[in-house]
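Below you'll find the structure, written out as structure tokens, and then a few comments.
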Amino acid sequence: MKTVVYYFIFAVLLASCGQSANTAGKKNIKSKTQQLNIKGSDTELSFTQKEIEEYLKKNPDASISLTGGGSSVGITALIEGNTDIAMTSRDLTTGETNEFGEKGGGIKKMIVAYDGLAIIVNPANKVDDITMKQLEDIYTGKIDHWNDLQGTNQKMSILSRESSSGTYSYFKEHILEGKSYSSTITQLTSNGQIVESVSQSPDAIGYVSLGYVNSKVKVLGISFDGGKTFVEGKIENVKNNSYKIKRPLYYIFEENNSAKADPFVNYVLSDSGQKIVETAGFIKVK
Amino acid sequence: MRRLRKIIEKIVEGVLAMSAAITSITVLLIIIFLFDEGLSIFSKKPVDDDTVIAVNSSNPVSKLTGLQIKDIFDQKITNWKQIGGKNDSIKLFRLDEAGTTFTEQQMGSNFERLAICVDSYVVRTPGVLLYFSSKYIPKDFHGKRIEIANITPYSFLMGKQWFPTAQPVAQLGVLPLILGTLWVTLGAILFALPFGLATAIFMAEIANHKVRNYLKPVVELLAGIPSVVYGFFGLIVIVPAVQKIFNLPVGESGLAGSIVLGIMALPTIITISEDALRTTPRALKEASLALGASHWQTIRRVIVPYASSGITAAIILGIGRAIGETMAVLMVTGNAAVIPHSYFEPLRTIPATIAAELGEAAYGGLHFKALFALGCILFIMTFIINLIFEFIAKKKKY
């Protein structure tokens with residue numbers, strides 16, 4: 001008799017589990033229809049987070065989820081329909097444009113900010129400037145000692161982002177001119193990790209968005225004319241276009257989804273939204 | 001009443017059998033899915049479907065390996081002579097260059113005449129290497145298309161370059177990743193084995209009850225810490241420490257990965273070898289002591305040899321734990337896809353590669369399949385480890 005009672009209790013428990021799981025599932029679906037999903041570039045993560053905080057203050061009913069992972073992760077998610085807005089720090093490749101074309105409906109590409117790419121080294125490093133050619137040679141593996149740049153006789157430790165990063169692709173296209181990275185470079189998973197690692201190693205060199213630069217690292221001046229003049233990596237120089245490693249940061253979404261995406265994107269493009277972009281260390285669009 | 005009870009028992013037995021069946025089927029399905037996705041990479045070419053790579057029809061070169069094409073686009077190969085052609089420099093021609101080569105008038109405002117422009121360009125440029133989308137290649141194309149070899153198991157397993165997103169030809173060589181995984185696992189075991197074994201012997205034989213009762217939960221607690229926490233700990237504490245102590249240019253290295261993985265494998269090694277040590281029959285121990293052997297001699301000559309198969313099993317399970325670890329190694333090993341030569345350089349493991357790249361790989365694409373093939377390799381590795389474990393655990397002697 002006792003066992004029968006136990007079975008009964010067990011069965012009731014099982015049933016109630018199923019019940020509660022069901023209701024939980026329903027709740028999820030309900031909130032999902034309102035939730036705006038944003039995914040992609042780690043570079044854009046920092047200011048987008050602040051934009052969302054401010055946006056939610058004004059629209060307490062809205063629900064937004066934000067995930068990083070890299071520009072390619074965001075674009076792949078948008079193609080597969082797993083996100084509403086993809087943040088990307090590089091343009092779409094022809095392959096990706098084709099995939100959106102096959103899906104139909106068209107996409108909207110909004111530039112929400114501009115970003116300068118800083119080349120950073122440890123403050124203890126004697127080298128202050130670098131030419132574009134040297135930078136290319138470092139990352140393609142032709143130069144690997146600091147004395148090639150009038151520095152100490154130490155081997156460089158060359159830091160890069162992961163291949164999912166838009167910064168990785170941008171750097172490959174525009175600084176390496178499409179050539180492959182050397183396979184010996186160290187790949188780290190975020191801007192923050194590169195800054196941290198460079199601040200700890202006297203022989204490291206890395207590239208990060210200007211918005212992530214802090215006092216623990218030194219930004220190298222860059223020569224775009226083969227060593228005649230050097231331009232400091234500063235926001236002002238990016239603004240007046242003398243510092244040429246400048247790239248647009250996009251929000252991309254599908255046109256038939258714009259009703260859902262527009263309110264937030266418009267907020268980011270508004271004056272108060274652009275102010276947040278500026279305080280985060282990026283350059284506003286207008 | 002009795003009949004009711006019998007029926008209920010039958011139902012419960014049925015439910016249990018069902019759960020077992022569902023579990024086995026799920027496992028089988030996962031394995032089938034894994035190998036189905038992973039093995040399909042071997043029938044593919046390492047380029048996008050609509051990529052066309054072509055040369056002038058007078059060019060004697062008709063086949064290029066993926067590596068040669070990469071070297072050409074990296075401008076390491078600049079003359080056709082280097083790859084068995086005529087003495088003529090290679091002129092790359094990509095879609096991006098169309099805008100600077102042809103005027104808008106020539107191409108047409110919607111690129112409707114681009115295909116004709118491309119065709120005539122290839123015909124009049126003997127040294128051209130064309131990389132274009134098939135959309136802009138005319139039907140009566142006068143150039144010669146270059147054959148690109150399919151991915152073979154040999155080129156996949158023995159290839160030394162891992163550039164899955166390289167354009168136009170993806171480089172899918174997993175040898176550095178396999179060796180990186182094995183290398184960091186070996187380091188982890190070399191690090192964890194002395195510590196683990198020493199702790200196990202201490203807990204089983206030397207420590208008194210009080211210490212042991214305190215130590216055991218602590219070790220088990222170690223197993224419950226999420227791996228991302230280990231990774232974070234490694235990044236903040238071990239990476240800078242390794243960098244300082246060994247005076248390395250950068251602390252993210254195989255050594256840092258080995259230490260973190262070693263710590264993660266410790267609980268497995270300690271608990272299993274301690275259990276093995278404890279199963280030594282009392283009679284054996286007492287016989288040894290009665291013969292005049294000291295406590296330490298008994299441990300060294302009787303208890304450890306008796307438990308050796310259990311200890312081996314512990315090591316192998318520890319390897320199993322370390323080999324598949326993802327988050328922690330991703331954060332501390334530096335992820336450079338090179339064949340490791342020392343513990344002081346960054347390396348890249350299979351699980352870290354899958355974790356870092358799966359998000360960006362388009363569903364069903366080449367990169368996606370390559371990552372699944374990596375998953376297959378990892379599965380085979382852990383499967384072999386488990387087989388060895390079974391074999392050793394069964395071989396219990398005495």
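The values are calculated or read from the model by the stated rules, or taken from the named source; none is laboratory data. Values in this document were obtained by computation on a predicted structure and should not be read as measured data. Note that we place each Cβ from the backbone using ideal geometry, even for glycine, and neighbour counts take in every protein chain shown.
Can you find even one residue in the range B:323-335 that is more than 14 Å from chain A (Cβ to nearest Cβ), in a loop (DSSP other than H, G, I, E, B) and modelled with pLDDT of 90 or more?
For the range B:323-335, residues more than 14 Å from chain A (Cβ to nearest Cβ), in a loop (DSSP other than H, G, I, E, B) and modelled with pLDDT of 90 or more: absent.
Taking the range A:170-185, which residues are under 18 Å from the mean Cα position of the chain (by Cα) and either among the charged types (D, E, K, R) or at the interface with chain B (Cβ under 8 Å from one of its Cβ atoms) (or both)?
A:172, A:173
Filtering the range B:155-200 down to residues that are part of a strand (DSSP E or B) and not aromatic (Phe, Trp, Tyr), which residue is surrounded by the most Cβ atoms within 10 Å (Cβ to Cβ)?
The extreme case among them is B:172.
Which residues, taken from the range A:200-215, are surrounded by fewer than 20 Cβ atoms within 10 Å (Cβ to Cβ) and within 14 Å of chain B (Cβ to nearest Cβ)?
Within the range A:200-215, A:200, A:202 meet the criteria.
Residues that are within 29 Å of residue B:174 (Cα to Cα), at least 1 per element: which strands (runs of 3 or more DSSP E) completely within the range A:162-254 meet that?
Output list reads A:186-188, A:204-209.
As an exercise: evaluate residue B:368 against (1) at pLDDT below 90; (2) within 10 Å of chain A (Cβ to nearest Cβ); (3) crowded, with 16+ Cβ neighbours inside 10 Å and give the number of the one condition it does not meet.
Here residue B:368 meets the rest and fails (1).
Collect the residues in the range B:79-102 that are out of contact with any strand residue (DSSP E or B) (no Cβ under 7 Å at 6 or more places or on another chain) and closer than 16 Å to residue B:136 by Cβ, keeping them in residue-number order.
B:96, B:97, B:98, B:99, B:100, B:101, B:102
Suppose we keep only residues that are among the aliphatic types (A, V, I, L, M) and under 19 Å from residue A:254 (Cβ atoms) within the range A:44-77. Which one would you say is farthest from the other protein chains (Cβ to nearest Cβ)?
Per the stated criteria, the residue is A:64.
Can you tell me which residues in the range A:251-277 are closer than 17 Å to residue A:52 by Cβ, without any contact (Cβ under 8 Å) to a residue 40 or more places away in the chain and of a type in the set (D, E, K, R)?
Of everything in the range A:251-277, those that are closer than 17 Å to residue A:52 by Cβ, without any contact (Cβ under 8 Å) to a residue 40 or more places away in the chain and of a type in the set (D, E, K, R) turn out to be A:262, A:275.
Residues being closer than 17 Å to residue B:369 by Cα and without any contact (Cβ under 8 Å) to a residue 24 or more places away in the chain: count how many of those fall in the range B:125-154.
So the count comes out to 1.
Quick one: in the range B:239-257, which of the residues that are β-branched (Val, Ile, Thr) and crowded, with 22+ Cβ neighbours inside 10 Å is nearest to the other protein chains (Cβ to nearest Cβ)?
B:250
Tell me which of these residue B:350 doesn't satisfy, since it passes every other one: (1) under 25 Å from residue B:44 (Cα atoms); (2) away from chain A (no Cβ under 14 Å); (3) touching a Gly at 6+ places or on another chain (Cβ under 7 Å); (4) of a type outside the set (Gly, Ala, Ser).
With respect to (1) under 25 Å from residue B:44 (Cα atoms); (2) away from chain A (no Cβ under 14 Å); (3) touching a Gly at 6+ places or on another chain (Cβ under 7 Å); (4) of a type outside the set (Gly, Ala, Ser), residue B:350 is out only on (3).
Against the definition (under 19 Å from the mean Cα position of the chain (by Cα) and more than 20 Å from residue B:378 (Cβ to Cβ)), how does residue B:360 come out, yes or no?
Judged against the criteria, residue B:360 is not a match.
To keep it simple, each residue is scored yes or no on (1) of a type in the set (Lys, Arg); (2) over 16 Å from residue A:185 (Cβ atoms); (3) crowded, with 18+ Cβ neighbours inside 10 Å.
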| residue | (1), (2), (3) |
| --- | --- |
| A:125 | no, yes, yes |
| A:133 | yes, yes, no |
| A:140 | no, no, yes |
| A:153 | no, yes, no |
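Which condition does residue A:116 not pass, out of (1) of a type outside the set (Asp, Glu); (2) surrounded by 23 or more Cβ atoms within 10 Å (Cβ to Cβ); (3) within 14 Å of another protein chain (Cβ to nearest Cβ), if it passes all the others?
Evaluating residue A:116 over (1) of a type outside the set (Asp, Glu); (2) surrounded by 23 or more Cβ atoms within 10 Å (Cβ to Cβ); (3) within 14 Å of another protein chain (Cβ to nearest Cβ) leaves (3) as the failure.
Tell me, which residue of the range B:1-41 that is touching a residue at least 60 places away in the same chain (Cβ under 8 Å) and not small (Gly, Ala, Ser) is farthest from residue B:153 (Cα to Cα)?
Here the residue is B:31.
Taking the options B:166, B:188, B:115, name whichever one is within 14 Å of chain A (Cβ to nearest Cβ) and not polar (S, T, N, Q).
B:166
Test each condition in (1) surrounded by fewer than 19 Cβ atoms within 10 Å (Cβ to Cβ); (2) touching a Phe, Trp or Tyr at 6+ places or on another chain (Cβ under 7 Å); (3) among the aliphatic types (A, V, I, L, M) for residue B:361 and report the one that comes out false.
It is condition (1) that residue B:361 fails.
Condition test on residue B:393, is it more than 9 Å from chain A (Cβ to nearest Cβ) and buried (at least 22 other Cβ atoms within 10 Å of the Cβ)?
No; evaluated as a whole, the condition is false for this residue.
So, in the range A:142-151, of the ones that are out of contact with any helix residue (DSSP H, G or I) (no Cβ under 9 Å at 6 or more places or on another chain) and not aromatic (Phe, Trp, Tyr), which residue ends up surrounded by the most Cβ atoms within 10 Å (Cβ to Cβ)?
A:151
Taking the options B:36, B:96, B:71, B:48, name whichever one is under 30 Å from residue B:370 (Cα atoms), surrounded by fewer than 16 Cβ atoms within 10 Å (Cβ to Cβ) and within 29 Å of the chain's Cα centre (by Cα).
Being under 30 Å from residue B:370 (Cα atoms), surrounded by fewer than 16 Cβ atoms within 10 Å (Cβ to Cβ) and within 29 Å of the chain's Cα centre (by Cα) holds for just one of B:36, B:96, B:71, B:48, which is B:36.
For the range B:58-76, enumerate the residues that are within 14 Å of chain A (Cβ to nearest Cβ) and under 15 Å from residue B:173 (Cβ atoms).
The answer is B:66, B:67, B:68, B:69, B:70, B:71.
Restricting attention to the range A:81-94, does a residue exist that is modelled with pLDDT under 90, within 28 Å of residue A:171 (Cα to Cα), hydroxyl-bearing (Ser, Thr, Tyr) and not assigned by TED's automatic domain parsing to the domain that holds residue A:188?
Yes: the range A:81-94 contains one or more residues that are modelled with pLDDT under 90, within 28 Å of residue A:171 (Cα to Cα), hydroxyl-bearing (Ser, Thr, Tyr) and not assigned by TED's automatic domain parsing to the domain that holds residue A:188.
Suppose we filter the range B:99-130 for residues that are surrounded by 13 or more Cβ atoms within 10 Å (Cβ to Cβ) and in a loop (DSSP other than H, G, I, E, B); how many remain?
Within the range B:99-130, residues that are surrounded by 13 or more Cβ atoms within 10 Å (Cβ to Cβ) and in a loop (DSSP other than H, G, I, E, B) number 7.
Between A:126, A:109, which is part of a strand (DSSP E or B), over 22 Å from residue B:172 (Cα atoms) and away from chain B (no Cβ under 13 Å)?
So the residue among A:126, A:109 that is part of a strand (DSSP E or B), over 22 Å from residue B:172 (Cα atoms) and away from chain B (no Cβ under 13 Å) is A:109.
So which of A:138, A:143 is over 22 Å from the mean Cα position of the chain (by Cα) and assigned to a helix (DSSP H, G or I)?
On inspection, the qualifying residue turns out to be A:138.
Which of the helices (runs of 4 or more DSSP H) found entirely inside the range B:207-314 contain at least 3 residues meeting this: in contact (Cβ under 8 Å) with a residue 12 or more places away in the chain?
Of the helices (runs of 4 or more DSSP H) lying wholly inside the range B:207-314, those with at least 3 residues that are in contact (Cβ under 8 Å) with a residue 12 or more places away in the chain span B:209-224, B:227-233, B:254-278, B:282-290.
So residue A:192 fits all but one of (1) more than 8 Å from every other protein chain (Cβ to nearest Cβ); (2) in contact (Cβ under 8 Å) with a residue 60 or more places away in the chain; what number is the exception?
Just one mismatch for residue A:192, condition (2).
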